[in-house]
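Q: For reference, the structure I am asking about is given below.
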Amino acid sequence: MSTKQSPRTPTQPRDLNAPFFNLREVAWILDCSVDTVRRYIAAGRLPCSQHTKGSAIRVSRADLDAYHEATRLVVLPQRTARRRPARAAA
């Protein structure tokens, strides 16, 4: 008995060096849900391509790399603690 996988379940891509990925593969790469990937696309944070309305949405490898670079966390230098001036004794 085979079970059908939900269309919202992220799946590991067969080839991580492929030029294009579908939404489920992008969700697996970004470690988020398919709905989150759809929100990123709707907000304009992640470009995508679609041949005709209603067809499969594809995200290119170059766009994924650009998204990763844009959202990468950078370690900031340590701030030195600033002390308040001491109050004059009354």
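Every number here is computed from the coordinates shown, using simple stated rules; none is lab data. Since this is a predicted model, take the numbers as computed values, not measurements. Cβ placement follows ideal geometry from the backbone for every residue including glycine, while neighbour counts extend to all protein chains displayed.
Q: About the Cα centre of region 49-90, what is the dipole size in debye to 20, counting +1 per Lys and Arg Cβ and -1 per Asp and Glu Cβ, all else neutral? Mind dumping the intermediate values first?
A: On the way: 9 positive and 3 negative charges, 107 e Å.
That gives region 49-90 a dipole magnitude of about 520 debye.
Q: Also, quick follow-up: Using alpha carbon centroids, what distance separates region 1-48 and region 61-78, in Å?
A: Using only Cα atoms, the two centres lie 19 Å from each other.
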